[in-house]
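Written below as structure tokens is the structure these notes are about.
The values are calculated or read from the model by the stated rules, or taken from the named source; none is laboratory data. Note that the coordinates shown come from a computational prediction; the quantities given were computed from them, not determined experimentally. Here the Cβ positions follow ideal geometry from the backbone for every residue, glycine too, while neighbour counts run over all protein chains shown.
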Amino acid sequence: MNFLGSHLLSVDQLSRDDLAHLSEVARKLQPVARREKVTRVLEGAVLASLFLEASTRTRLSFGAAFSRLGGSVLETVGLTFSSMAKGESIADTARVISGYADILAVRHPEAGSVAQFAQTSLVPVINAGDGAAEHPTQALLDIFTIEEEFAQRSRPVDGAHVLFVGDLKYGRTVHSLMKLLTLYRNMTFTLLAPEMLSMPDGVVGLAESRGHRVYPITRLPDDTMEVDVIYTTRIQRERLQGEQIEGYSRDYHVNRFFVDHMGGDATVIMHPLPRDATPGSNDLSVELDSDPRLAIFRQTDRGIPVRMALFSLILGVADSIESTFRDVRWHRLAANT
Amino acid sequence: MNFLGSHLLSVDQLSRDDLAHLSEVARKLQPVARREKVTRVLEGAVLASLFLEASTRTRLSFGAAFSRLGGSVLETVGLTFSSMAKGESIADTARVISGYADILAVRHPEAGSVAQFAQTSLVPVINAGDGAAEHPTQALLDIFTIEEEFAQRSRPVDGAHVLFVGDLKYGRTVHSLMKLLTLYRNMTFTLLAPEMLSMPDGVVGLAESRGHRVYPITRLPDDTMEVDVIYTTRIQRERLQGEQIEGYSRDYHVNRFFVDHMGGDATVIMHPLPRDATPGSNDLSVELDSDPRLAIFRQTDRGIPVRMALFSLILGVADSIESTFRDVRWHRLAANT
Amino acid sequence: MNFLGSHLLSVDQLSRDDLAHLSEVARKLQPVARREKVTRVLEGAVLASLFLEASTRTRLSFGAAFSRLGGSVLETVGLTFSSMAKGESIADTARVISGYADILAVRHPEAGSVAQFAQTSLVPVINAGDGAAEHPTQALLDIFTIEEEFAQRSRPVDGAHVLFVGDLKYGRTVHSLMKLLTLYRNMTFTLLAPEMLSMPDGVVGLAESRGHRVYPITRLPDDTMEVDVIYTTRIQRERLQGEQIEGYSRDYHVNRFFVDHMGGDATVIMHPLPRDATPGSNDLSVELDSDPRLAIFRQTDRGIPVRMALFSLILGVADSIESTFRDVRWHRLAANT
């Protein structure tokens, strides 16, 4: 796609070149994201951040990214706009708000509704999550994380073995990320999930049609493996029934035993967050928190440079941005870190 | 009125010279509102935007206008302040918040309460809507829209024929706008509404006392007419009873038939938005959306330059503002527009 | 404490030198707080303001202070984060958000939870109130107010007589302020409260161990006194029972009679606000509003320079800040003031 002036609604819009381009710009913006450099390239621009469904961290990440480019952020949060509650169509709402802002980030609980926003918006719209359908910026920060982690290990992403584990049916992030990974060459995907929570056929078929190997399994293999990426998600236990719960912990609970069994020294452990810390949730174990292979916080941190890169490309300032950098003049970190 | 340092609480404060002055400044600020120019004239200033009653679009419009002048925006939204819930008086709340900000925009569900805010505020207060009473900035953007649309048609507003149609009893925007239009010369007002939703006597009397012609009617006339402005509002159908509903659609529903019957080639069609898109609402028809006479989106867009002009005049920067303009450096519009 | 890069979680961290240092910086920043000067020293920096419990005025005060230093403010308000609602630990939430921002201001309904935030945050955390436990920035603006009011009267704070009156048991602000006042020399504290709402033993003991005089009393003395500070708080009447209510008004209601009885010409009258204006609340009387000794609005105004000073010290820009000042270019006050 040509990012300039475009809406980003779905990962289906993106080619491998697009991913490379975005990662290159995100890499250039890391000094800003890391608070070493300041830029004001978008000073005077306005982001309207419309979270018709609450998502605090995604909203704050978009807001921080736009603020660090020098722009101003206007937000609204809640199930409905007050005007929508009065019967206003999405077409009217989008047209009106797009008269105030330079770019919109929109989250909406219903699949397809962000695309409807884009139809009458005067300015570019970024999908910040539309129900179970898409969350493209999460997939992009996941790709950037894999790129960066592999680069640190001096390895190419092509040819990698990625294990997705957990709820692969309802987790939109795993669908979007696996779609983007099919743009690479010669991939192997192992999909570990209970039968009832398995990856949709469409995503599996896409990977196979592009020549990748896909191995859906329902239990932890007896033999050890050494995958390159373990990507796990929060399990919605409320959807599981009877027998699945029995063997759940050993088979799908990513803890030290799981990582020893399925990973190796160079394995990258990922999770889109939040992880469920309530007892018995069996989400990604905190016993891995000091394991350097655990990339989950580097992953969330990378949401900032990725979203900055996206804003920069869509608004056409990516090429000139480095010339606007200046040094940060304040103290950057907590004394206890 | 002298805008400098003043509260704007009611359209009753405004003379025709004030309207001309405000429109002149709004016109100067259009390049900023249209995202062709950037100004940072209010860099360092703070707007406190207190929406004690939710109104997403009005809040975002005030916020965008202040942001585009370079200022920072602090907001609170909700039925009450947490401090008001603890029994704090409006006098105390206003005094405290006015110690933080340079200007306040206040929406409140109760008539007269914004004027109470102004009494103890250290800084100017703009009424962003107080219940059924006033919403002066909406009336000002309506006036600016009429001025601009008429100027494009090379016609003066003096002598115009304005048709108000719909709920003329509860719609505060039509009251405020009609009051401001009485400041012009030789106007004709046709007021088309069911008996139970007719324009208040006070507004009609004001227009008549200033020498204008006022024709209240309850049904669509049999003969065609050619008014200069058709201004319609969302009907609160829940207030209508029995027989009125029968003839409602043909008489008060602004659609292609209505416009053909009452308008001409140069008629300006307006609506304060939101319009109710739910089936059977009979609000302004989407079949007019591609009609160039439909000014509703140009109307809402003009909220930005009008509110910028108001901030600039009240804070005393209107005269010097053009000298602070610089070019926008980013891409301005969606690729599909 | 060394402010640079530090968390501010409790007044217990502070020495008298710290108070003097903070007041000195706050004094330097008064021209910015008073809207005579603009600084952009923190341009590019981001404050994440997390109010997991609503507190409009404190949130707006933090936001205004950071905005006036040139920074951007991201906020979230509400009982829980959406991610916390999904079972996320405080440790994860704090780590994630701290990847977006340069500094956090956190209010939380539970005592100790802000300190938990600080444990995994990459950036400094300021406690904006954690339940009944601490609200250190309120105590700091109270100290700054006492310093400034005494300086105007050309008197030292050492040796002063401070009267605390009202609910001394549940009001966290009086605990924190009295703790900080024990850092001065030779103080006298009179504590006027019903038995059931008396100052906790720990605070009284601390004052006595540092050599100050403490006089807990339950009724207004028969003889007049002349204290230097009267500090009163909102009474939670719902906690009072039977006989206390009888004599309440005369003994604990700070009105003209009370001030005549207990104060003198130079007495400073303070209240952390909000004050309860509902009839029968017996909170600080509005009949004192025109009394120049009433410092309550100067007190709340001083929240801005104090919070600016805190941000400046923690982020390491306090020393260079005056060199960044420039004149305000807009009109500063309402025409009616």
Test each condition in (1) farther than 18 Å from C:Ile217 by Cβ; (2) at pLDDT below 90 for C:Gln244 and report the one that comes out false. (1)
The one condition A:Met187 fails out of (1) surrounded by fewer than 21 Cβ atoms within 10 Å (Cβ to Cβ); (2) without any contact (Cβ under 8 Å) to a residue 40 or more places away in the chain is (1)
Restricting attention to the stretch C:42-85, and to residues there that are touching an Asp or Glu at 6+ places or on another chain (Cβ under 6 Å) and facing another protein chain (nearest Cβ under 8 Å), which single residue is nearest to A:Ala277 (Cα to Cα)? C:Val46
Quickly run through the stretch B:168-192 and pick out the residues that are in a loop (DSSP other than H, G, I, E, B) and within 17 Å of B:Ala132 (Cα to Cα). B:Leu168, B:Lys169, B:Tyr170, B:Gly171
Only one of (1) more than 11 Å from chain B (Cβ to nearest Cβ); (2) hydroxyl-bearing (Ser, Thr, Tyr); (3) surrounded by 14 or more Cβ atoms within 10 Å (Cβ to Cβ); (4) farther than 30 Å from C:Leu9 by Cα does not apply to C:Ser290, and that is (3)
Within the stretch B:155-167, how many residues are out of contact with any strand residue (DSSP E or B) (no Cβ under 6 Å at 6 or more places or on another chain), surrounded by 18 or more Cβ atoms within 10 Å (Cβ to Cβ) and either of a type outside the set (Gly, Ala, Ser) or in a helix (DSSP H, G or I) (or both)? 2
Name the residues in the stretch B:95-117 that are of a type in the set (A, V, I, L, M) and either under 20 Å from B:Leu42 (Cβ atoms) or buried (at least 24 other Cβ atoms within 10 Å of the Cβ) (or both), would you? B:Val96, B:Ile97, B:Ala101, B:Ile103, B:Leu104, B:Ala105, B:Val106, B:Val114
Filtering the stretch B:99-113 down to residues that are within 14 Å of chain C (Cβ to nearest Cβ), more than 16 Å from C:Thr56 (Cα to Cα) and aliphatic (A, V, I, L, M) yields B:Ile103
Listing of helices (runs of 4 or more DSSP H) fully contained in the stretch B:47-154 that carry 2 or more residues being more than 15 Å from the chain's Cα centre (by Cα) and at positive phi: none
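Would you mind finding the one in C:Asp276, C:Asp265, C:Asp228, C:Asp201 that is acidic (Asp, Glu) and modelled with pLDDT under 95?
Working: C:Asp265 fails: modelled with pLDDT under 95; C:Asp228 fails: modelled with pLDDT under 95; C:Asp201 fails: modelled with pLDDT under 95.
Selected residue: C:Asp276, the only one of C:Asp276, C:Asp265, C:Asp228, C:Asp201 that is acidic (Asp, Glu) and modelled with pLDDT under 95.
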Step by step: first the residues of the stretch B:24-42, then only those that are crowded, with 20+ Cβ neighbours inside 10 Å and not β-branched (Val, Ile, Thr), then the one that is farthest from C:Ser67 (Cα to Cα). Which residue is that? B:Ala26
When you go through C:Pro136, C:Pro156, C:Pro194, C:Pro216 one by one, which is the residue that is modelled with pLDDT under 95 and out of contact with any His (no Cβ under 9 Å at 6 or more places or on another chain)? C:Pro194
State the number of residues belonging to the stretch C:302-327 that are in contact with a helix residue (DSSP H, G or I) (Cβ under 7 Å, 6 or more places away or on another chain) and outside any loop (DSSP other than H, G, I, E, B). 13
Which one of A:Ser67, A:Ser6 is of a type in the set (S, T, N, Q) and within 26 Å of A:Val174 (Cβ to Cβ)? A:Ser6
Taking the conditions exactly as written (farther than 30 Å from B:Val46 by Cα, touching a Leu at 6+ places or on another chain (Cβ under 8 Å), among the basic types (Lys, Arg) and free of Cβ contacts under 8 Å to residues at least 60 places away in the same chain), does B:Lys179 satisfy them or not? no
Number of the condition not met by C:Ser320 [criteria: (1) in contact with a Ser or Thr (Cβ under 6 Å, 6 or more places away or on another chain); (2) surrounded by fewer than 21 Cβ atoms within 10 Å (Cβ to Cβ); (3) in the same structural domain as C:Arg59 (by TED's automatic domain parsing)]: (1)
